[in-house]
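Scroll down for the structure; my scribbles are underneath it.
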Amino acid sequence: MNPSLAFDRLAETAAKILSADAAAVLLPNEAKDRLAVVAAWGIDSETARQHIQVPLPLPPSPPTPPGHPSVVHAPISIGEEPAGLLCVYGRLPHRFTEEDARRLQALADLSGILIEAVREASDLERIDAAKSQFIHIATHELRSPIATTQSLVRTVLKGYAGPISEQQKEIIARIARRLDFLESLVNDLLDFAASKAPELEEEEGPVALNASVGRAALLLQPRAEEKKVALTVRPYPEELAVWATEDGLDRIFTNLISNAVKYTPSGGQVTVLLGRTGDQGWVKIADTGIGIPEEALPHLFEEFYRAPNARQFAVGTGLGLSIVKSLVERYGGRIEVESAVGEGTTFTVTFPLWRPDHR
Amino acid sequence: MAKILIIEDDPDMVTALRLPLEAEGYEVYTASSGQEGLQKVKEIEPDLIILDVMMETTTAGFQVSLQLRSPDPNSEYAPYRDIPILILTAIHTTTSLRFGPDEAYLPVDDFVDKPVDPDVLLQKVRTLLEQRKSSD
């Protein structure tokens, strides 16, 4: 529940329990030198804000709004700490009894416990969001120097900075391999952080499958060319739209196509086929790569899992497919895999199609 | 030999690009910001431009390509509109940008993925320069 709505309900409940016609909830301001109204019932909230400001430490009797000469109040405490004040106002002088004060205090005690619980929950959310954002920024900053270093190393390795000995070549190739691992680690962390930080994402809306697959394939074409893997996309003749975010859908296909290229030896093929079955749209990413052993299939989408033959063939972190799966499921889709070792792998992603009369 | 202008703010990346290009015999010029790049285009009149996206701002490279490809016939860059542009990309940092075969948004001729493989770079440069020659 939204906290301000909860405080409104608290003020209303306090007034009703005491059969009074006005009440307010007060919490400390940022400077913590006075209490200010956060919710009022039975009095106009502007009037309440103007007239009811309680200095700290608490006076014996807090101020009242115009037309309400009597007040009963109960401090709201979190643990031993005073954290606020619950006030109920009466139109007649000396309207409230000791019993009223006891009943109000019971409600205030309960509120303290609830406020504490809400604060802890929102603190956790904030910490989680801050952590994700930190990973996001840190990985962006890391990517750039890694990419530059990889480029320099490749330039030297391929002899463009002058001749190198066989031994130097072998050592530099090792450096290149380590850097490639570092790159994939940072990329996966970046995707991982983005998948855990939905506030960084754009709003969901209809996204065209053909275009999303096209963008992913275009970005991976250079890598496929470099490896001499033929990357072909066969779009569907009509527009297929999925309710998702463009960024999220692009991440799914970039990850799957990049995997297909990565685990396909030179001379192989990666074919991306789009299609439709009833109200479902699907994308098949088929490669002629190393394949996935049957015993590895049940673990494929677990975080950090890597099949034994994948580990030998290329560097990676084992995060990519778990991210893909959580994104696919976020948009109401499912992912399936068929594979034969030495022959190749086909991933099929299926989404319910978006229609303009939906949502 | 063809003149190539590299617009890139990372001096180490410039080295990684310059070495293979010079080994092939190209005349290489460099600029370290979008602004400087636009100025050098006029001075050098290069045959090809290699352009980074994120420089003084995260979209400085886009701004350069938009200026150079402006459809306005009175644009000060109109004489340079046909110079081929090869853009440097980093897949994971650009997927959230509108970035694709979308002439209206990003008028460039081809992409090179970061990290740069020198053989792929040279092949793309060769292709673009040949295309330009045959269309002259």
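The values are calculated or read from the model by the stated rules, or taken from the named source; none is laboratory data. Remember, predicted model here, so these are calculated numbers, not experimental data. All Cβ positions, even for glycine, are placed from backbone atoms using ideal geometry, and neighbour counts span all protein chains on display. Note: accessible area is taken over every heavy atom of the protein model, side chains too, but ligands, DNA and RNA are not part of it. Shrake-Rupley method; radii C 1.70, N 1.55, O 1.52, S 1.80 Å.
Alpha-carbon geometry of the stretch A:1-122: the Rg and the Dmax are 13.2, 41 Å, given in that order. Buried area at the B:A interface is about 2700 square angstrom, summed over both chains, from accessible surfaces computed with a 1.4 angstrom probe.
Peptides B:32-43, A:158-169 ranked from most to least packed by the mean count of surrounding Cβ atoms within 10 Å: B:32-43, A:158-169. Orientation-averaged projection of chain B equals 7.8 nm² [convex hull of Cα atoms, one quarter of hull surface area].
In a shell of Cβ-Cβ distance under 15 Å around A:Pro59, excluding A:Pro59 itself, what net charge do Lys and Arg (+1) and Asp and Glu (-1) give?
Details: positive: A:Arg34; negative: A:Asp33.
Charge balance near A:Pro59 sits at 0.
Principal-axis analysis of the Cα atoms of chain A puts helix A:98-157 at an angle of about 20° to the longest axis. Evaluated at q = 0.12, 0.16, 0.26 Å⁻¹, the base-10 log of the normalised Debye intensity for the stretch B:1-75, with identical point scatterers placed on the Cα atoms, takes the values -0.31, -0.55, -1.22.
Using only atoms on other chains, find how many Cβ atoms lie within 10 Å of each Cβ of peptide A:142-148 and report the average.
Numbers: counts 0, 6, 6, 3, 3, 11, 11.
Across A:142-148, the average partner-chain Cβ count within 10 Å equals 6.
Shielding of peptide B:118-125 by partners, expressed as the average count of other chain Cβ atoms within 10 Å per residue Cβ, is 4.
Working from Cα pairs under 8 Å separated by at least six residues, relative contact order for chain B is 22 percent. Among the protein heavy atoms of chain B, carbon and sulfur supply 45% of the accessible surface, probe 1.4 Å, non-protein parts ignored.
For the protein assembly as shown, report the % of Cα-Cα distances exceeding 34 Å. Please report the intermediate quantities before stating the final value.
Working: 65174 of 122265 pairs.
Above the 34 Å cut-off, the protein assembly as shown has 53 percent of its Cα pairs.
In straight-distance terms, cross-link reach from A:Lys227 covers every one of the lysines whose alpha-carbon lies under 26 Å from its own, apart from those fewer than eight places away in the same chain; here that gives A:Lys158, A:Lys169, A:Lys262, A:Lys284, B:Lys114, B:Lys124.
Which whole number gives the average, over all residues in A:216-229, of C-beta atoms from other chains lying within 10 Å of the residue C-beta? Before the final figure, lay out the partial values.
Values: counts 3, 1, 5, 10, 2, 3, 13, 5, 0, 6, 6, 1, 0, 0.
That works out to 4 on average.
Positive contributions from Lys and Arg (+1) and negative ones from Asp and Glu (-1), summed over other residues with Cβ under 13 Å from the Cβ of A:Val315, come out at +3. Binning all Cα-Cα separations of the stretch A:61-118 at 10 Å, short to long from zero, yields these whole-percent fractions: 24, 46, 25, 5.
Each principal axis of the Cα atoms in the stretch A:204-359 has its own extent, and those three values, largest first, are 49, 30, 25 angstrom. Counting Lys and Arg as +1 and Asp and Glu as -1 over every other residue whose Cβ lies under 14 Å from the Cβ of A:Val337, the net charge comes to -4. Straight-line cross-link reach from B:Lys133 at under 19 Å between alpha-carbon atoms covers these aspartates and glutamates, not counting any fewer than eight positions away in the same chain: B:Glu24, B:Glu27, B:Glu45, B:Asp47, B:Asp82, B:Asp109, B:Asp110.
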